[in-house]
1. Identify all residues within the stretch 1-13 that are assigned to a helix (DSSP H, G or I), surrounded by 10 or more Cβ atoms within 10 Å (Cβ to Cβ) and either without any contact (Cβ under 8 Å) to a residue 40 or more places away in the chain or more than 18 Å from the chain's Cα centre (by Cα) (or both); write none if there are none.
2. Quick test of your reading of the structure: L132 fulfils all but one of (1) under 12 Å from the mean Cα position of the chain (by Cα); (2) within 22 Å of L19 (Cα to Cα). Name the failing condition by number.
3. Within the stretch 23-39, restricting attention to residues that are touching a residue at least 24 places away in the same chain (Cβ under 8 Å) and assigned to a loop (DSSP other than H, G, I, E, B), which residue is surrounded by the fewest Cβ atoms within 10 Å (Cβ to Cβ)?
Amino acid sequence: MNVTHTLLTIGSVVLAAVLGNLWVSKDALRWFRELRWPRWMVPFQAFLVVGLVYYVLMGVVLYRAFDRGDVPAIALSFAVLVGNEAWNGLFFGRRSPRAGFLGMLAFTVPVLALLIAVTEDPLSLALVATYLAWVLYDIAWTHALYRLNP
């Protein structure tokens, strides 16, 4: 295990999580809970679990990219981390299901690019593909939220 890569990875993921969650105030969470949700939307607690899994997943992908010296995968991992936190600003910061939906559509670009960048690393490929499946779900539920809460 490379200590430098470990510290860079942990620092980057924790910093992203802290900065991104600054957008999620108590008022924003109250607003979120008061939205009309589609019946098929997962419970709120599931989002918390998925969020934790996401940070671990991105940490593994970023660490492995550092270890390989894979500059495109490193840059795209950072783009995904930043994009995820920017989405919090669009959705929770603006309290806008429409902005959340459009932001989620835009967010697929760096996720797909990262998926392509890690094709030579089977573990990272599987992790990013799993996350992409969640992003597709996110697109569906943000669209439903937008339609139910114009």
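The values are calculated or read from the model by the stated rules, or taken from the named source; none is laboratory data. Treat the numbers as computed from the prediction; the structure is a model and nothing was measured. Here the Cβ positions follow ideal geometry from the backbone for every residue, glycine too, while neighbour counts run over all protein chains shown.
1. If the condition is that a residue be assigned to a helix (DSSP H, G or I), surrounded by 10 or more Cβ atoms within 10 Å (Cβ to Cβ) and either without any contact (Cβ under 8 Å) to a residue 40 or more places away in the chain or more than 18 Å from the chain's Cα centre (by Cα) (or both), then H5, T6, L7, L8, G11 are the ones that fit.
2. Among (1) under 12 Å from the mean Cα position of the chain (by Cα); (2) within 22 Å of L19 (Cα to Cα), L132 violates only (2).
3. R36
Listed here are the residues, each with its yes/no results for (1) among the hydroxyl-bearing types (S, T, Y); (2) more than 17 Å from M58 (Cβ to Cβ); (3) modelled with pLDDT of 95 or more.
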site	(1), (2), (3)
V82	no, no, yes
L90	no, yes, no
S96	yes, yes, yes
A106	no, yes, yes
S124	yes, no, yes
L145	no, yes, yes
N149	no, yes, yes
